[in-house]
Every structure is written in structure tokens, then in C-alpha cells.
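Worksheet for the structure shown next.
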Amino acid sequence: MVNFSWQWKNTLKPGKGVTLYWRVTAAGGPGGWKGKRSDTGHFTLKRSDRLQPPRLVYPEDGRSMSRARVDKDHVVFSWEKTEDNLDRKILFSRDRDFRSIFRQVTVEADHWAMRKSLPAGSYFWRVALHDGRGSRKAVSASRLFELRDHEDLPLVAPKDGADISADEAGKSGLGFAWKKPDLRGNYLLELSVDRDFKKITRAATTDSVKTTLWNLSPGNFFWRVRLLNGDGGTAAASETRAFTVREGMPEPAVIFPRSGGDVTMLTENELKFSWRPMKGVNAYEIELHQLVKEKDKTRDRLVLSTQTADTTYTVSDLNLLDVGNFYWTLRAVKKDRNNRVVRYGKKVKNNFNINLGDSKIIIISPEIQVIEDDRDK
């Protein structure tokens, strides 16, 4: 792309115009080469005594900003270059029609930095051009912006609407996490049983972007996080999220094989695991492990891991089994309508041994057996 500028020096009368045509011809090639010529374009020049109003650049219309961010980094209001011989004024108003001017500032350049924020609320801004006698010559369109008392603080975990088992929350605590804004201060995590936080159930203060709460009772909760500045005010605030802590599911009651038992497989061609049904459970997770002795250590070998909706599971492939020590784990699983796991129960572990029982061989037929000794051959 080639840029080309050109100045029109002729005088045009007000309201009159002239149409100009233009084209480009390539030149500078070898001798006798006829340069290619572009299509012909045209444009019209017209004199106007009406001054064009400033075109606003930043902030864009509808911009939302925190007051803390304005005070820390400042926000620069800018517009396209205007006539140097005119005075510029930036005006702020609570209403779009500027019936009441909240604040106005005379500026010398085509931008102005707000170093101290206005009170929280919604404002409109525009730029006016005045001559030396104070007469307004042009005014820009207006734009809306919002100043908030706080910065946004994005939450990470738990997700909104999370379903958490009381057993899991009691064992490792319930972890809360959020993103770090570019502001300093301590974080205040708040829990409540109502969305309006009329009563704070639990609260924790930390200088980290994560914390853990312990011993949460079953129930429905709402949580939020605020970043507090040095004066105790809110510099950043999160959205409000909800989560549920549900009663933990009890351990399944195992029928076979029980922990510490022996399983004789000499005459069996399958191994059947069984347990009692549980209310509110739509699946069970079962794992089978073999403890394999290797020299001076014991290796834990996972034989199988699966889920079933039944209260039994049969291993028919005897190649998976062997004589020795095994254990199997079982836990209840809660799934939603989309077959996604929403909650696990506690695992119950059962150790057992597989053997062949009494393996003495009794020969029934033939009644007479002849055993030849081939040592003399």
C-alpha cells in the first residue's frame, strides 16, 4: 500500500464544491516499457464554514470502571484532534441531555486524565469547542460510563450450584479459590444461608487467593469474596455463588466376599461379588486389587475397576484371578439425569484370600493302575 498526500491551494466559495478525478500510472520501467494505468477514481471537495464536532475515542460508550482503578491508574478521556485555535472543555453530567453539569474542565490537549474518581454512579461525558469569547462552536456526541465502588473479583471454585458430600468436606475440608486482582489488600470470604447475606454463617480472612473451611454442616449455602483496602473498605467484590453440602452416603454393606474371608476356587468357574442395596444410589463403583509379593516388597496390582447399577458383579474371566491375597473396594455413586457423577460415598475395603482348598487327587477310574518303572530300561 502506498500513501499519498496532496494539498488543494485553490479557494472555494462557501457551499460550492469541485469534483476531482485521479488515477495512477506505473513508471520507471525498462526503456520502451509502457507503464500500466489504474482505473479512474473521483472525489468531491466542498467548503463548509460549519465546524465538525469532536469525535470521542475513549472510554467507549457504556464502559464500566472501578473507582479504585481510576484512583490507582487514572483513566484518560480522549478524542480526535480538533482546531488548535479553539478552547476545549470536557463536561460530565448525570443526564444525557446535560441539563445539569456535574463537572467541567478546560483542557489544552485532545485528552484529559481523570486522576481522582467521581462518586460512584453513571455519568455522561462530551467535549465542547469554544472560541476566545466563550461562544460554543461545536459539541460532540455524548457517551455513558459507570464508576463502581469496587473492582470485579472473579471466583474459581467451587462452581456455582456445586453439590458436595459432607464426607468429602469433612475429610479434606472445602476449598475456596478466586483470581488475584491487581490491587492490594486482604480477602474476606463470607458464607450465608441467604443470598442477601443478612446473616453471616462463616467468615474467613486471608492474604491468599484460596482458603479452606472445615466442619461445614449439611445445607444450602451462598458465598462471596471481598478484597478489603487499608481503610477497611471494599476494593473488589465477587459475584455470589451457591453450593450444597449433602449428608454423606453410608458405606455399602458387603455380603460376599467379606473382609478376612477365604474364597475357594477349585470347583468354581466365576467369582461373584455382592452387597446390599442402598436408597438414593443409582450406581456402585467396584475395584479389585491383587497383592503380589516380589522379593522384599509387595506390589498392588489393579485387576479391574468398573461401575454397575446392580448389587452384584461377576468375574467370569478366571485369567484375571490367581491364588493369593486380594482386596476389593466398593462405594456408592450418585448420578444426575445426564449420567454425570455428582457425589461419591465412602469406600469400604475388604481383604480376602483365594485358594484351591483341599487339592488331594483321588483316582476313580480305572480301578487298576499300572505304574512302570523305567529305571531298568
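A short reminder: the numbers here are calculations on the coordinates, not readings from a lab. Everything quoted here is computed from the prediction, not taken from an experiment. Note that each Cβ is placed from the backbone with ideal geometry, even for glycine, and that neighbours are counted across all protein chains shown.
Per residue, how big is the convex hull around the C-alpha atoms of the stretch 154-246? Give it to me in cubic angstrom, could you?
It is 85 Å³ per residue.
I need the Debye-formula profile for the chain: one equal scatterer per C-alpha, no solvent, reported as log10 I(q)/I(0) at q = 0.10, 0.13, 0.14, 0.15 1/Å, two decimals.
Ignoring solvent entirely, the Cα scatterers give -0.91, -1.14, -1.21, -1.27.
Compare the peptides 207-217, 243-253, 135-145 by average per-residue count of other Cβ atoms within 10 angstrom and give them in order, highest first.
Descending packing order for the listed peptides: 243-253, 135-145, 207-217.
7 Å from Cα along Cα→Cβ at both Gln52 and Trp214: what's the point-to-point distance in nm?
Rounded to a tenth, the inter-label distance reads 6.9 nm.
Would you please report the Å³ per residue occupied by the convex hull of the alpha carbon atoms in the stretch 254-355?
112 Å³
Which residue, Asp317, Asp110, Asp163, tops the fluctuation ranking in a GNM of the chain built on C-alpha contacts under 10 Å?
For the chain, modelled as a Gaussian network with Cα springs under 10 Å, the answer is Asp317.
Would you mind checking Lys81/Lys116; Lys295/Lys347; Lys81/Lys137; Lys272/Lys334; Lys179/Lys334; Lys279/Lys334 for any pair whose Cα atoms are more than 19 angstrom apart?
Details: Lys81/Lys116 25 Å; Lys295/Lys347 30 Å; Lys81/Lys137 15 Å; Lys272/Lys334 23 Å; Lys179/Lys334 31 Å; Lys279/Lys334 10 Å.
Over 19 Å apart, Cα to Cα: Lys81/Lys116; Lys295/Lys347; Lys272/Lys334; Lys179/Lys334.
Taking a cut-off of 15 Å between Cα atoms, list the aspartates and glutamates near Lys159, but don't count ones fewer than 8 places away on the same chain.
Filter leaves Glu239.
Would you kindly calculate the mean projected area, averaged across all directions, of the convex hull enclosing the Cα atoms of the stretch 188-343, in square nanometres?
Taking the Cα atoms of the stretch 188-343, their convex hull projects to 15.1 nm² on average.
Starting from the Cα-Cα distance between Thr40 and Ala120, subtract it from 0.36 nm times their residue separation and give me the gain in nm to one decimal. Present the calculation step by step, with values, prior to reporting the outcome.
On the way: separation 80, 0.36 × 80 = 28.80 nm, distance 5.58 nm.
Additional length available on full extension: 23.2 nm.
Extending each Cα 7 Å along its Cβ direction at Thr298 and Ile200, get the distance between those two points in nm, one decimal.
Using points 7 Å along Cα→Cβ, the separation is 5.1 nm.
Just the Kirkwood number for the stretch 56-148, please: inverse of mean 1/r across all distinct Cα pairs, in Å, one decimal.
Working: mean 1/r = 0.0739 Å⁻¹.
Mean inverse Cα-Cα distance, inverted, gives 13.5 Å.
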